[in-house]
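Note sheet for the following structure.
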Amino acid sequence: MTLLRFLITVGLLAFEVSHAQAQDVPKLQFVAQELLYLDQQHLKEPSGLDAQQNFGGFWTVSDGYAGLYSLIAPSARIDAIHHLPYQGLEGVSAGWTDGVHLMVQEETNSIIVHNTKNPENTAQLPLSKMDGYETISVYFDGPETNKGLEGIAVDRGEQRIFVVKEAQPRLLIEISSNLDQIVGHKKLNSKHGFHVRGLKDHNLDISGLYYDSHRDALWMASDRGACVFLYDPKTNEALRLEMHFDGDNAPDLEGIEGITLSASGEFLYLVSDAGRASSLFTFRVLD
Ligand SMILES: [Ca+2]
Ligand SMILES: [Ca+2]
């Protein structure tokens with residue numbers, strides 16, 4: 001093989017690989033924004049989101065009120081509130097076992113376990129009481145209490161639970177299925193794909209988490225980055241997803257703190273904690 005032919009062959013192979021990767025990356029097409037600021041029901045800071053796979057609704061939590069909200073969409077209205085003994089909740093996942101909701105409380109860096117069928121047994125499980133905490137304790141030292149847990153997601157198939165620390169540093173933590181052990185952790189650094197042009201690295205946060213069993217990947221929302229990352233835990237690489245809008249009416253995604261997919265994976269949903277502009281956003285996922 002001549003050198004020229006070799007170079008052309010290598011070039012074509014590289015093109016095919018990058019082309020295949022580009023095709024595998026989903027894009028997001030904006031569909032709708034519904035305001036989600038419900039003063040009377042104390043839902044003023046929507047901060048976590050999960051889909052109710054059988055009913056088409058959602059679960060959400062709010063920092064400022066100790067409640068787990070069942071939400072109907074479209075029309076973004078509340079159909080039930082489960083009152084909880086804990087507030088300051090920043091993330092929710094309903095996919096663990098039937099009736100059980102796992103939430104995160106930022107100030108104490110705890111997982112809250114709540115069973116809607118047995119609500120008096122709600123438990124608060126601080127990471128600091130779990131086996132293996134010494135492997136991550138250095139990241140939680142210091143007086144800053146607003147850089148703690150912001151998201152939770154579950155992989156029901158493999159019985160994995162993930163939580164994310166928002167910043168300083170951004171950290172993905174895996175918890176054992178019986179919620180008593182830190183199994184592993186990964187820093188979500190700029191070199192892993194977590195960067196947004198124009199935003200300093202220490203300002204980029206991760207504020208919402210969802211596990212996608214079809215892709216074996218984690219979807220992550222960023223409040224300050226106003227964007228969505230798709231993260232592959234096997235390669236430790238994240239991609240920031242392109243968003244498409246009709247015309248110039250791009251929604252303001254600053255403050256997004258919750259993220260989930262529809263059961264079919266066809267739609268991505270986000271909630272924002274943005275005062276009276278707090279909203280539920282719908283995007284179509286284009287593969
Ligand atoms: Ca919040
Ligand atoms: Ca925070």
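Quick look at the values:
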read-out	value
Given (1) assigned to a loop (DSSP other than H, G, I, E, B); (2) more than 22 Å from residue 256 (Cα to Cα), index of the condition residue 169 fails	(2)
Tabulated pairs, region 211-229, first touching a residue at least 60 places away in the same chain (Cβ under 8 Å) and within 14 Å of residue 192 (Cβ to Cβ), second outside any strand (DSSP E or B) and β-branched (Val, Ile, Thr), C-beta under 8 angstrom, 6+ apart or interchain	220/206
Every residue from region 71-85 that is surrounded by 18 or more Cβ atoms within 10 Å (Cβ to Cβ) and without any contact (Cβ under 8 Å) to a residue 40 or more places away in the chain	84
Condition met for residue 272 (of a type in the set (Ser, Thr, Tyr) and modelled with pLDDT of 95 or more)	yes
Test: residue 90 is touching a residue at least 40 places away in the same chain (Cβ under 8 Å), under 19 Å from the mean Cα position of the chain (by Cα), within 12 Å of ligand 1 (Cβ to nearest atom) and assigned to a loop (DSSP other than H, G, I, E, B)	no
Filter result for residue 178 (more than 22 Å from residue 28 (Cα to Cα), within 16 Å of ligand 2 (Cβ to nearest atom), not hydroxyl-bearing (Ser, Thr, Tyr) and not in a strand (DSSP E or B))	no
Qualifying position, being touching a Cys at 6+ places or on another chain (Cβ under 9 Å) and either buried (at least 19 other Cβ atoms within 10 Å of the Cβ) or part of a strand (DSSP E or B) (or both), among 238, 221	221
Boolean, residue 162 is more than 22 Å from residue 92 (Cβ to Cβ), surrounded by 18 or more Cβ atoms within 10 Å (Cβ to Cβ) and out of contact with any Ser or Thr (no Cβ under 6 Å at 6 or more places or on another chain)	no
Options 273, 246: the member that is within 16 Å of ligand 1 (Cβ to nearest atom) and not small (Gly, Ala, Ser)	273
Residue check for residue 29: touching a residue at least 40 places away in the same chain (Cβ under 8 Å) and either within 16 Å of ligand 2 (Cβ to nearest atom) or under 27 Å from residue 96 (Cβ atoms) (or both)	no
Checking residue 102 against (1) under 22 Å from residue 259 (Cβ atoms); (2) at pLDDT below 95; (3) more than 16 Å from ligand 1 (Cβ to nearest atom), the condition it does not meet	(2)
Selected residue (criterion: nearest to ligand 2 (Cβ to nearest atom)) from residues of region 241-267 that are touching an Asp or Glu at 6+ places or on another chain (Cβ under 8 Å) and assigned to a loop (DSSP other than H, G, I, E, B)	255
Check on residue 254, surrounded by 13 or more Cβ atoms within 10 Å (Cβ to Cβ), among the acidic types (Asp, Glu) and modelled with pLDDT under 95	yes
Residues located in region 34-48, provided they are in contact (Cβ under 8 Å) with a residue 24 or more places away in the chain and either surrounded by fewer than 24 Cβ atoms within 10 Å (Cβ to Cβ) or away from ligand 2 (no atom under 16 Å from the Cβ) (or both)	34, 35, 36, 37, 38, 41, 42, 43, 44, 45
All strands (runs of 3 or more DSSP E) inside region 19-83 with 2 or more residues being over 19 Å from residue 211 (Cβ atoms) and among the small types (Gly, Ala, Ser)	57-62, 65-72
Selection count, region 181-217, where residues are more than 16 Å from ligand 2 (Cβ to nearest atom), over 17 Å from residue 93 (Cβ atoms) and not in a loop (DSSP other than H, G, I, E, B)	10
Region 150-171 - residue that is touching a strand residue (DSSP E or B) at 6+ places or on another chain (Cβ under 8 Å) and within 12 Å of residue 205 (Cβ to Cβ) and, of those, farthest from ligand 1 (Cβ to nearest atom)	169
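The values are calculated or read from the model by the stated rules, or taken from the named source; none is laboratory data. Since this is a predicted model, take the numbers as computed values, not measurements. So basically every Cβ, Gly included, is an ideal-geometry build from the backbone, and we count neighbours across all protein chains shown.
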